[in-house]
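Participant: I have a structure I would like to understand better, so I am pasting it below and will then ask my questions one at a time.
The values are calculated or read from the model by the stated rules, or taken from the named source; none is laboratory data. Remember, it's a predicted structure, so these values are computed and weren't measured experimentally. No Cβ is skipped: glycine too gets one built from the backbone with ideal geometry, and neighbour counts run over all protein chains shown. All accessible areas refer to the heavy atoms of the entire protein, side chains included, with ligands and DNA or RNA removed. Shrake-Rupley method; radii C 1.70, N 1.55, O 1.52, S 1.80 Å.
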Amino acid sequence: MYQKAYGIIETLAPLHIGASAGEETGNLNLIFRDQFTQTGIIPGSSIRGRFRADMRFGPDGKQLVNIWYGHDSEADEDNNETKAEETKAEKTKDRTTEALVKFEYASLLWLPVFCPGQPIVWVSCPRLLKRYQRIYGTKGNIPTPSENGYPAQLRRNQNRLFFNLGFLDNLVPSPDLQTWVPGEITVKPDNLVVVRDVDMGIIHDMALYRQTRTKLNNEVKKVENFFGFEGLPEGSILIFPIAIKKNISAQVETKLADLQQNSGWQPFEDESFKELYFGGLESIGCGRCGVTLGGEYFDQIQANEE
């Protein structure tokens with residue numbers, strides 16, 4: 001019924017998706033998190049909204065948005081007498097429709113963490129790798145820390161790693177971790193570490209980008225209050241699944257033909273990579289990401305074109 005695809009997100013700037021600006025309260029604006037690993041996520045609604053908005057500004061954007069992402073509900077301005085006379089078919093005409101493309105949330109895959117003496121390592125955990133395996137289709141056993149230590153690839157083959165919160169001991173070199181990095185992403189294979197699920201949350205909190213800001217008085221240069229926000233750091237790698245309806249109706253195909261569009265969903269036109277902004281605070285340099293689309297759906301489109 002649905003064809004599978006995926007999106008790989010690499011943050012090119014700090015990414016904040018969560019609480020809105022808090023000038024009034026002075027609170028730290030937290031990001032959305034996965035309930036089990038307590039790591040940052042991008043909700044599926046945010047991803048869908050970004051793709052929807054990006055398509056809206058292209059040629060025939062409004063019509064294509066209604067086709068692929070569902071028709072918006074329209075405000076009914078008719079009076080009550082007209083409403084009473086409408087038939088059931090008329091009431092449902094041009095109202096909200098089901099989207100042909102569905103998005104799930106984006107979870108972290110590899111999180112960059114600064115370590116003194118080992119400038120940056122990318123950290124993940126079995127739970128995040130398991131979700132990546134389901135989406136991306138990587139074969140093999142998931143690297144799991146055990147009594148023998150933590151699977152790791154380090155530039156200097158160290159057996160301990162110093163985080164700001166303490167030492168991570170008994171690191172065991174693992175040559176297979178590179179297979180757990182998407183082919184669309186270039187991460188140094190010797191800087192990968194897998195930690196336990198219970199350790200991931202606290203390491204994640206240590207790695208977050210945080211900035212303190214001030215709210216100035218509108219009349220004079222005087223600080224009214226301080227507030228801050230947190231975000232995923234630059235270099236974070238996330239993945240999200242996409243489902244595209246396999247058999248679209250003849251009516252939809254006719255609409256696409258009238259718009260001189262092919263019957264496949266191609267949000268980046270003929271490209272598989274595009275830079276997009278997610279979340280808020282774009283005006284102060286946050287949210288820029290590189291997005292790469294792949295999977296069996298796009299492989300089939302490419303094969304048909306060839």
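Participant: Restricting attention to the stretch 248-275, and to residues there that are among the hydrophobic types (A, V, I, L, M, F, W, C) and surrounded by 18 or more Cβ atoms within 10 Å (Cβ to Cβ), which single residue is modelled with the highest pLDDT?
Facilitator: Within the stretch 248-275, the first condition is being among the hydrophobic types (A, V, I, L, M, F, W, C), and the residues that meet it are 248, 250, 252, 256-257, 259, 265, 268, 273.
Next, from what is left, pick out any that are surrounded by 18 or more Cβ atoms within 10 Å (Cβ to Cβ): 256, 265.
Working: Leu256: 74, Trp265: 87.
Of everything passing the filter in the stretch 248-275, Trp265 is modelled with the highest pLDDT.
Participant: Would you confirm whether any residue within the stretch 236-243 is within 30 Å of Gln3 (Cα to Cα), small (Gly, Ala, Ser) and open to solvent by less than 20 Å² (accessible area, probe 1.4 Å)?
Facilitator: Residues of the stretch 236-243 that are within 30 Å of Gln3 (Cα to Cα), as a first pass: 236-243.
Still in the running and small (Gly, Ala, Ser): 236, 243.
So of that shortlist, the ones also open to solvent by less than 20 Å² (accessible area, probe 1.4 Å) come out as 236.
Within the stretch 236-243 (the criterion being within 30 Å of Gln3 (Cα to Cα), small (Gly, Ala, Ser) and open to solvent by less than 20 Å² (accessible area, probe 1.4 Å)), the answer is yes, since at least one residue qualifies.
Participant: Can I ask one more? State whether one or more residues within the stretch 192-208 are over 18 Å from Glu234 (Cβ atoms), open to solvent by 60 Å² or more (accessible area, probe 1.4 Å) and among the acidic types (Asp, Glu). Lay out the reasoning, then the answer.
Facilitator: First pass over the stretch 192-208, keeping only residues over 18 Å from Glu234 (Cβ atoms): 193-202.
From what is left, the residues that are open to solvent by 60 Å² or more (accessible area, probe 1.4 Å) are 196-198, 202.
Then drop every residue that is not among the acidic types (Asp, Glu), which leaves 197.
Looking through the stretch 192-208, at least one residue is over 18 Å from Glu234 (Cβ atoms), open to solvent by 60 Å² or more (accessible area, probe 1.4 Å) and among the acidic types (Asp, Glu).
Participant: If you don't mind, there's one more thing I want to ask. Of the conditions (1) of a type outside the set (Ser, Thr, Tyr); (2) at pLDDT below 90; (3) open to solvent by 50 Å² or more (accessible area, probe 1.4 Å); (4) out of contact with any strand residue (DSSP E or B) (no Cβ under 9 Å at 6 or more places or on another chain), Glu184 fails just one. Which one is it?
Facilitator: The number of the failed condition is (4).
Participant: Looking at the stretch 219-231, can you tell me whether even one residue there is of a type in the set (D, E, K, R) and part of a strand (DSSP E or B)? Spell out how you get there, then give the answer.
Facilitator: Start the filter on the stretch 219-231 by keeping residues that are of a type in the set (D, E, K, R), which leaves 219, 221-222, 224, 230.
From the residues that got through so far, the ones that are part of a strand (DSSP E or B) too are 224, 230.
Within the stretch 219-231 (the criterion being of a type in the set (D, E, K, R) and part of a strand (DSSP E or B)), the answer is yes, since at least one residue qualifies.
Participant: One residue is enough: does the stretch 174-181 have a residue meeting the conditions touching a residue at least 60 places away in the same chain (Cβ under 8 Å), assigned to a strand (DSSP E or B) and closer than 25 Å to Phe32 by Cα?
Facilitator: no
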